[in-house]
Amino acid sequence: MSRWVYLTVVFLLGFWSQGTAQEGAGQSGEVVFKEIIISSEPLEPETEKVGKEVLDFGTYVNIGEVLDALPGVSVVRRGAGATEPVIRGLGWERVQTQVGPVPVYGGCPSRMDPPVTYLLPDSAQDVTVVKGVPSVTLGPGGTGGRIMVSTDFQRDPHAPPEVRGWLSSTYNGARKGYLGGIGTKGGNEWVDYYAVFNGLSYGDYKSADGTDVPASQKEYGGAISLGFRPAENHRWWHGLIGVRDEGKEFPAVPMDSVHTTTWIYHTGYRMDFPGNTLESIEFTGGFSLLDHLMDNSHKPNRWMMKGSASTDADSFAGRAKQNWRINPSMLLTTGLDYYHLARDGMRERFMPLMPNPGPFFDHIWPDATQADVGWFAEWNMDLAPRWTLRLGGRMDYALSSAEAVNDLGVGGVSVRQQFIRFYGPEAGKVDRDELLGSGNALLEWQPIDPLFIHLGGGATSRPAGITERFYAFSPAPGGYQIGNPSLDPEIKYEVNWGADWRRSWGTVGISFFYSWVNDYILQTKVGDFADGLPVRGFRNIDAELYGAELGAVLRPFKHWTFPLSLSYVRGRNSSEDRDLPEIPPFEGRAAARFEHGTGVPWWIEFGGRFTAPQKDVDDWFPEDETAGYAVFHLYAGCRPVKNLRIQVGIDNLFNKEYHEHLTREAVFAGGDLSAGDEVPAPGISFFAVGRYDF
């Protein structure tokens with residue numbers, strides 16, 4: 001065991017022994033740290049919730065960066081602001097991101113813009129991450145987990161009328177830029193409202209050894225929430241998010257973002273009937289509309305090929321849900337939902353050095369759609385005073401199609417012909433309908449007041465996504481990429497076990513998980529093109545993943561708090577006895593925080609992040625081994641007056657040169673990077689955050 005792992009375990013066990021000597025009642029609420037966020041609010045097992053206190057105050061560029069601090073959640077980076085969540089080793093579109101009921105998708109087939117990158121933290125009211133056995137009422141898919149963003153601002157209906165506002169600003173020394181927001185919220189007995197306008201402008205950064213990394217980014221947007229109470233026990237709410245990306249640089253993909261416009265809207269109406277068998281009815285729906293333009297204006301291959309791509313990703317959702325109170329200890333939830341995704345994209349190439357320079361057009365998302373109609377039912381039962389059981393099941397009927405597969409693309413042949421070339425005759429049949437089933441059970445036991453134990457298991461299925469199935473043959477990082485219309489649905493079988501201990505001296509949670517995935521959709525090399533460059537595609541394999549997580553917030557002494565977490569996951573390609581790609585390494589986080597003061601409260605925190613080497617890699621993906629590292633931070637904050645909060649800090653305190661395992665390599669030269677270089681993380685940097693409420 002390496003030194004840092006040993007020290008982390010000793011540090012954890014030492015404070016555990018101090019804490020167990022104290023007795024007291026459990027606590028609720030949320031403990032807020034920049035690097036470690038542990039919810040102490042009782043939630044469904046294997047679920048983490050990030051509340052408004054965290055989202056409103058910090059240096060986070062998007063919600064993906066917030067989630068990176070949660071145990072079991074890592075991020076793939078294709079740029080400084082492009083964070084794609086990976087939950088317990090599963091990423092890509094296995095992780096379903098949704099605002100209210102609406103699934104949200106990015107606009108780049110190379111995943112330069114995962115959906116969380118369009119969600120600035122203060123646009124949300126809270127974010128819930130489902131890592132374990134999911135409720136079947138949440139929607140289809142999600143074999144890798146689910147990120148649920150709420151924009152619904154709801155006050156206590158008996159609260160007095162109010163109108164409040166705030167200003168916030170953050171300086172990020174690593175990227176020499178600012179982010180900030182201005183907003184207002186309030187309401188009365190019949191309406192609640194929340195509105196915020198936010199924006200950011202960041203530049204490039206330097207690593208610890210002085211390497212310049214392209215990372216510029218400009219973005220602005222906002223969110224509005226309106227909730228009405230038209231009658232007693234009725235509520236009608238609306239949420240709208242609008243984001244305009246004015247340009248982002250991505251070292252790990254062949255193009256940069258020129259601009260993107262995103263609109264996300266959801267609405268819902270809920271009626272409660274206290275004392276009746278039909279306890280409530282809820283109707284929700286909405287849409288996400290994304291228009292994305294990227295080009296290679298700042299890439300070094302511009303002199304030989306001018307390229308741009310315009311893509312759209314539009315999704316729509318609707319759900320009807322009913323709660324039936326069968327008896328005081330039994331609740332049945334039933335419902336129907338509908339989801340529809342349309343993706344279309346055209347890539348334009350101009351070759352100035354060729355006899356026939358073009359332009360040439362590639363239909364990279366060939367007018368593709370995917371629709372899903374689902375039915376679900378879920379029982380929640382109190383089996384005994386300290387035992388509860390949740391049983392759920394759902395059926396989904398999915399339809400996938402692509403209308404433009406006969407268009408010509410790279411190589412002068414149609415998209416359909418390229419599918420057949422790499423996957424065989426079955427891949428020429430692009431229309432697909434699939435009947436999918438999912439179901440699970442979750443048992444919870446509270447043997448004594450501070451201890452909660454859970455055991456869950458089940459199966460979750462999803463059809464192959466539009467990119468996995470229909471991405472047309474086109475240049476991508478490391479060569480070319482092509483979808484596979486003949487992919488079978490992915491089915492994940494899982495078992496989770498865990499326990500939570502909540503006392504006055506702190507909270508401790510531990511969980512273990514094992515998953516077997518039939519027909520896991522693997523991104524890998526499937527052949528070579530005529531120019532010798534590799535072709536990456538998708539095929540089905542069987543896979544298994546297993547691991548464990550530990551999260552704790554300990555308060556053994558007055559004024560002192562010690563947040564800690566450990567996360568481990570291992571992923572194996574069972575069909576070929578190989579490691580799965582993009583599996584995060586073993587990681588730990590620990591900090592010591594001292595708080596004091598009444599008239600002028602203040603605090604200071606010292607902590608670190610410790611990551612083991614990752615040698616379990618898939619060189620067919622391809623990916624390389626990475627070294628372990630330890631990076632430290634020093635933060636401090638105060639409230640000099642009642643309505644003003646200030647925080648300052650230093651990240652990468654000892655100026656450590658390192659790179660994340662899940663950060664993809666540079667595809668072209670840029671800044672001080674050469675093609676194929678690992679992209680290093682920022683060096684030592686200072687930040688400052690301020691927020692004034694009025």
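We did not get these values from a lab; they are worked out from the coordinates using the rules stated. This structure is a prediction, so every number in the text was calculated from the model and none was measured. As a convention, Cβ positions derive from the backbone with ideal geometry for all residues, glycine included, and neighbour counts pool all protein chains shown.
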Q) Fully extended, how many nm does the chain gain between Ser574 and Asp531 (0.36 nm per residue separation, minus their Cα-Cα distance)? A) 12.2 nm
Q. Tally Lys/Arg at +1 and Asp/Glu at -1 over every other residue whose Cβ is under 12 Å from the Cβ of Gly335; what's the total?
A. 0
Q. Within the set Lys185/Lys218; Lys248/Lys656; Lys492/Lys615; Lys176/Lys218, which residue pairs have Cα atoms separated by over 19 Å?
A. Lys185/Lys218; Lys248/Lys656; Lys492/Lys615
Q) Measuring from label point to label point, each 7 Å out along Cα→Cβ, what is the Asp209 to Trp375 span in nm? A) 6.1 nm
Q. If you find the alpha carbon centre of region 117-189 and of region 317-339, how far apart are they in angstrom?
A. 25 Å
Q. Tell me, how many Å apart are the Cα centres for region 572-589 and for region 200-278?
A. 31 Å
Q. For region 137-154, in order, what is each residue's ³J(HN,Hα) by Karplus, 6.51 cos²θ - 1.76 cosθ + 1.60 with θ = phi - 60°, in whole Hz (x at glycine and Pro)?
A. 6, 7, x, x, x, x, 5, x, x, 8, 10, 10, 9, 10, 10, 7, 8, 10
Q: For the chain, give the magnitude of the charge dipole about the Cα centre (Cβ charges: +1 Lys/Arg, -1 Asp/Glu; no others), in debye to the nearest 20.
A: 1200 debye
(Q) Let's see if you can work this out: charge +1 on each Lys and Arg Cβ, -1 on each Asp and Glu Cβ, no other charges. What is the dipole magnitude of region 150-298 about its Cα centre, in debye to the nearest 20? (A) 320 debye
**Q.** Relative contact order of region 3-693, pairs being alpha-carbon contacts under 8 Å that are 6 or more residues apart, as %
**A.** 12 percent
Q: Note down the relative contact order for region 422-531 as a percent, whole number, built from C-alpha pairs under 8 angstrom at least six residues apart.
A: 24 percent
Q | Total formal charge among the other residues, if their Cβ is under 15 angstrom from that of Leu90, Lys/Arg +1 and Asp/Glu -1 | A | -4
Q: For Asp113, enumerate residues with amide H under 5 Å from its amide H, sequence gap 5+ or separate chain, H modeled in the peptide plane.
A: Gly107, Cys108
Q) Can you list the residues, at least 5 places off or on another chain, whose amide H is less than 5 Å from the amide H of Val667, using H built in the peptide plane? A) Ala252, Val253, Gly676
Q: Would you work out if region 208-256 is rounded, prolate or oblate? Take a ≥ b ≥ c from the square roots of the eigenvalues of the alpha-carbon gyration tensor; rounded if a/c is under 1.5, else prolate when a/b is larger than b/c, oblate otherwise.
A: prolate
Q) Could you put Thr184, Thr561 in order, starting from the residue whose Cβ has the fewest other Cβ atoms within 10 Å? A) Thr184, Thr561
Q | Sorted by Cβ neighbour density within 10 Å, fewest at the top, the residues Trp602, Trp190, Trp497 | A | Trp190, Trp602, Trp497
**Q.** Relative contact order (%) - criterion: Cα under 8 Å, at least six apart; region: region 472-562
**A.** 30 percent
**Q.** Calculated [θ] (222 nm, deg cm²/dmol) that DSSP helices of n ≥ 4 give over the chain, each run adding -39,500 (n - 2.57)
**A.** -1500 deg cm²/dmol
Q. Is the shape of the chain rounded, prolate or oblate, going by the alpha carbon gyration tensor and its root eigenvalues a ≥ b ≥ c, with a/c under 1.5 for rounded and a/b larger than b/c for prolate?
A. rounded
Q. Across region 522-538, in residue order, what do the Karplus-derived ³J(HN,Hα) couplings come to in whole Hz, using 6.51 cos²θ - 1.76 cosθ + 1.60 with θ = phi - 60° and x for Gly and Pro?
A. 9, 8, 7, 6, 10, x, 10, 8, 4, 7, x, 6, x, 10, 9, x, 9
Q | Other-chain or far-sequence residues with amide H under 5 Å of Trp324's (modelled H) | A | Glu279, Leu332, Thr333, Thr334
